[in-house]
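*Asks:* I'd like to ask you about the structure that follows.
Just so you know, all these numbers are worked out from the coordinates, no wet-lab data involved. Just so it is clear, the model here is predicted, and its values are computed rather than measured. Using ideal geometry, Cβ is built from the backbone for each residue, glycine included, and neighbour counts are taken over all protein chains shown.
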Amino acid sequence: MIQTPYIKVDETGIYILRDFQHDTHLDFNEIIQIRIKKGFRLKNWLLAFILGILFTFGTIMGIIESLPRLNFQFITHSGIRLSLLLQLIPWILFIFSLMLVFHSVKTCQILVIDTEFESYRVPIREIEKDKKIEELILFLKDRVNLIV
């Protein structure tokens, strides 16, 4: 049996998991083919990438606009105030947007399970990290049409 937070493979079939709870069970005779390929971790990676780039450019413009207005002299008099927090918001959004761009382009091994009516896309990066991909391939090769 091979298990990750997203998938569980055993003799009875393949379970698609959400938060380690069974969401969908697929018998091996329901599966048309399984493909193992390199792909993006996120399903809608292009949308996340575009939003991240837009946020990055927007926050860069906000940072450039706010640079002449930075004033740190009032900190010594009365501590952190609302104006300092308002000056830091573009910087926080900039960091968030860079993280969004970075995570949207990360790749890992993806298991694509094609059935008659639906196609499931499951990241198997934990199996890749544990170096159990060969074990998964040997297990699935006898049971389904496997394309590597």
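*Asks:* Checking a compactness column here: for the chain, what do you get for Rg(Cα) / (2.2 N^0.38 Å), N being the number of residues?
*Replies:* That ratio works out to 1.57.
*Asks:* Once phi is turned into θ = phi - 60°, what whole-Hz ³J(HN,Hα) does the Karplus curve with 6.51, -1.76 and 1.60 give for every residue of region 110-121, x standing for Gly and Pro?
*Replies:* 10, 9, 9, 9, 9, 10, 5, 10, 9, 10, 10, 10
*Asks:* For T107 and S66, what is the calculated FRET efficiency with R₀ set at 35 Å and r taken between the beta-carbons, to the nearest 0.05?
*Replies:* 0.50
*Asks:* Just rank L88, L51, fewest to most, by other beta-carbon atoms within 10 angstrom.
*Replies:* Arranged by neighbour count, lowest to highest, L88, L51 become L88, L51.
*Asks:* 5 Å is the cut-off here: which amide hydrogens, built 1.01 Å from N in the peptide plane, fall below it relative to I7, excluding neighbours closer than 5 in sequence?
*Replies:* So I7 has HN proximity to L17.
*Asks:* Please list, in order along region 102-107, the HN-Hα scalar couplings obtained from phi with the Karplus expression 6.51 cos²θ - 1.76 cosθ + 1.60 (θ = phi - 60°), rounded to whole Hz, x for Gly and Pro.
*Replies:* Here the 3J(HN,Hα) series is 4, 6, 6, 9, 5, 10 Hz.
*Asks:* Okay, next question. Could you point to the residue in H103, F117, L26 farthest towards the positive end of the chain's charge dipole, with +1 and -1 charges on the Cβ of Lys/Arg and Asp/Glu respectively?
*Replies:* Value: H103.
*Asks:* Still on this structure, I have one more. Most mobile of R125, R41, R18 per a Gaussian network model of the chain (Cα springs, under 10 Å)?
*Replies:* It is R18.
*Asks:* How large is the dipole of the chain about the Cα centre if only Lys and Arg carry +1 and Asp and Glu carry -1, each at its Cβ, rounded to the nearest 20 debye?
*Replies:* With Lys and Arg at +1 and Asp and Glu at -1, about 780 debye.
*Asks:* Hey, rough spin-label estimate for L51 and L93, points 7 angstrom out along Cα→Cβ, what's it come to in nanometres?
*Replies:* Between L51 and L93, the label points sit 1.5 nm apart.
*Asks:* Also, quick follow-up: Using the 10 angstrom Cβ neighbour count as an exposure proxy, how do S104, S66 rank, fewest first?
*Replies:* Ranked by crowding around the Cβ, least crowded first: S66, S104.
*Asks:* Further question on the same structure: Would you list which aspartates and glutamates come within 14 Å of K37, measuring only between C-alpha atoms, while excluding same-chain residues fewer than 8 positions from it?
*Replies:* D114, E128, E134
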